[in-house]
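The values are calculated or read from the model by the stated rules, or taken from the named source; none is laboratory data. None of these values were measured; they are calculated from a predicted model. Methodologically, a virtual Cβ is constructed for each residue, glycine included, from the backbone with ideal geometry; neighbour enumeration extends over all protein chains shown. We work out accessible area using only protein heavy atoms, side chains counted, and drop any ligands, DNA or RNA first. Shrake-Rupley method; radii C 1.70, N 1.55, O 1.52, S 1.80 Å.
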Amino acid sequence: MSERDDFLAWVKTALYEAEAALHNGDAAPRRALWSRTEPVSVLGAWRSAAGREELDALFTSLAKTFSDCTSYAFELQAYDVSGDMAYTVGLEHTSTSVDGQPRTYTLRATQVYRRENGAWRVAHRHADTVTD
């Protein structure tokens, strides 16, 4: 398998599972996939964060708002790998409960990754809501 194939397999399994878990109220899998090395950042659809401390607080607060995810799909539009760096661009289609209320939405999401000790880690996320 090529480097790109390996990365894409990781996106479709570990990363996908972490995002689905977050939308079911469990931030631990997402937190585990994020880099421990600064800088790390989120320019989020609902809230932003910079640095590990702010990321941990963000992921915890998001998990507290989400529950009962009935659907999560990542529509990958572009990706590439260059050495120990990679990126993805895509649409995240989600149906979950937010503060107990069912909600369906789509986010445009771009993420930047770096390979650390042989494993892919998320270093940056930018997402915004798609509006009709």
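Secondary-structure-derived ellipticity at 222 nm for the chain, considering helices only, amounts to -7500 deg cm²/dmol, per-run term -39500 (n - 2.57) for DSSP H runs with n ≥ 4.
So what is the accessible area of the chain per residue, in Å², with the probe set to 1.4 Å?
52
Compared with the direct C-alpha span, the chain from A9 to T60 gains 15.7 nm at full extension, assuming 0.36 nm per residue.
Of G90, G51, S71, whose Cα points farthest to the positive end of the dipole of the range 1-128 (charges on the beta-carbon: +1 Lys, Arg; -1 Asp, Glu; origin at the Cα centre)? Checking the options against the dipole of the range 1-128, the answer is G51. Full extension of the chain between V89 and V130 gives 13.4 nm of extra length, using 0.36 nm per residue less the Cα-Cα distance. Model label sites at R47 and E75, defined 7 Å from Cα along the beta-carbon direction, differ in position by 2.8 nm.
Assuming charge only on the beta carbon of Lys and Arg (+1) and of Asp and Glu (-1), the dipole of the range 5-49 about its Cα centre is about 220 debye to the nearest 20.
Summing Cβ point charges (Lys, Arg +1; Asp, Glu -1) relative to the Cα centre of the chain gives a dipole of roughly 180 debye.
Round to a whole number: what % of the accessible area of the chain belongs to carbon and sulfur, probe 1.4 Å?
Carbon and sulfur: 51 percent of the exposed surface of the chain.
Under the rule a/c < 1.5 gives rounded, and otherwise a/b versus b/c splits prolate from oblate, where does the chain land using the Cα gyration tensor? Verdict is prolate for the chain.
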